Amino acid sequence: MIKVVYITKRGEILANKIKKILDYYYYESEVIYSKNFKISGSERGLIFIMAMGIVLRKFIDKIKNDKMTDAFVVVCSEDGKYIIPILSNHLGGGNYFSNLIAKNLNANVVFTTATDVNGKVGIDELSKMYFLEVPKRKDILKINKKVLNEKVDLVLPKNWKPIGKVLSTYDISYHNEDYVVVDDIILKPKKVVVGVGSRKNIEGYKVYWVIKKALFLRNIPLWRVDAFSTIDVKKNEKGILETVENFRKPLFIFGRDEVNEVYKFRNDLEESFFVFKTIGVYGVSEPVSILGVKKLTGKNFDEIELILKKFKKDGVSIAISVG
């Protein structure tokens, strides 16, 4: 959950604009008046529409704990012109959400971290962009200091591509291995699986465009997807089969018993009693995306992150899991 906190009436108007942006991108958010605001410790991020001094004096000590796991903190000016990420900018996503909001508000992001000010991509931000394992703390310090003074070697798997400012930060080469090398540091990619559900006899072009929209919502290029997955009821669904074949990715098929098993371990999944009456499971896209990651990694259900909850459009439902 992302909490958007305001003080004044003008701040409330901006807070609701920001919530609409987050809603469009399918991020869970809540607008809260400052007097009703409490820090639970489970927030994904906090967006404050108020003076930075208030945030620093009143809230920041209750939020900051460990830069590797802290929720992101962003401060916005009431006029909506300036967006300032101040905590957990890379690993927590502060920069990402600041850019997302600024793009939609036509605002300016005020960066203060050294790599961002100098137009560089640190290894911690690189790991978020490419969905890699989190670098060690000492490696973040080492590489981020180095990229400020020189181009660092970056070796990518052969079918991957440079993203954003990576080209201006790193000397890129490619290899046939399934891992990334930054200088002398090896980072293993996480597995990205797209779960697909649909109504009966769905047209292939609808499946294609809803998948593309879902990937856009999470800023994931198609080449970074490891597999697609669906339920056995849809194993002969032509629209799904043809689309995944065109994407040249594996398609995993899971049985209804396997899907129902996921619900025993996860309480964050959407449940539809209509779907249960129809095919015997409470949902398709979310649990099959989780099962796909489990199949590729062997991870426990609670170790897999559902980064896009069910996105439904034109009779197609999509969810994306990473682990």
Net charge over other residues, Cβ less than 14 angstrom from the Cβ of N104 (K, R count +1; D, E count -1): +4
Solution diffusion estimate, µm²/s, Stokes-Einstein, the chain, Kirkwood Rh from C-alpha pairs, 25 °C, viscosity 0.890 mPa s: 116
Förster radius 51 Å - calculated FRET efficiency between K238 and N104 (Cβ-Cβ, nearest 0.05): 0.85
Charge dipole of the chain about the Cα centre (unit charges at C-beta), most positive-ward option of I60, V196, C76: C76
Cα pair distances exceeding 19 angstrom across the stretch 117-187, given as percent: 23
The stretch 212-323 - Debye-derived log10 I(q)/I(0), Cα point model, q = 0.20 Å⁻¹: -1.15
Cα pair count fraction exceeding 24 Å, expressed as % - the stretch 2-112: 12
Label point distance in nm, I185-T297, each placed 7 Å from Cα along Cα→Cβ: 1.9
Length added when fully stretched, R10-K62, from 0.36 nm per residue minus Cα-Cα: 16.1 nm
Amide H contacts of I47 (H built 1.01 Å from N, under 5 Å, at least 5 apart or other chain): K3, V4, V5, V74
Distance in nm between pseudo-label sites at D257 and K81 (7 Å out along the Cβ direction from Cα): 6.5
Amide hydrogen neighbours beyond the local backbone of S198, cut-off 5 Å, H modeled: S317
Compactness relative to 2.2 N^0.38 Å, alpha carbon Rg of the stretch 87-144: 1.15
Ascending count of other beta-carbon atoms within 10 Å, so fewest first, for K9, K299: K9, K299
Charge tally in the Cβ shell below 12 Å around K3, where Lys, Arg are +1 and Asp, Glu are -1, K3 excluded: 0
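Every number in this text was worked out from the coordinates using simple rules, so none of it is lab data. Keep in mind that what you see is a predicted model, and the values were worked out from it rather than measured. Note that each Cβ is placed from the backbone with ideal geometry, even for glycine, and that neighbours are counted across all protein chains shown.
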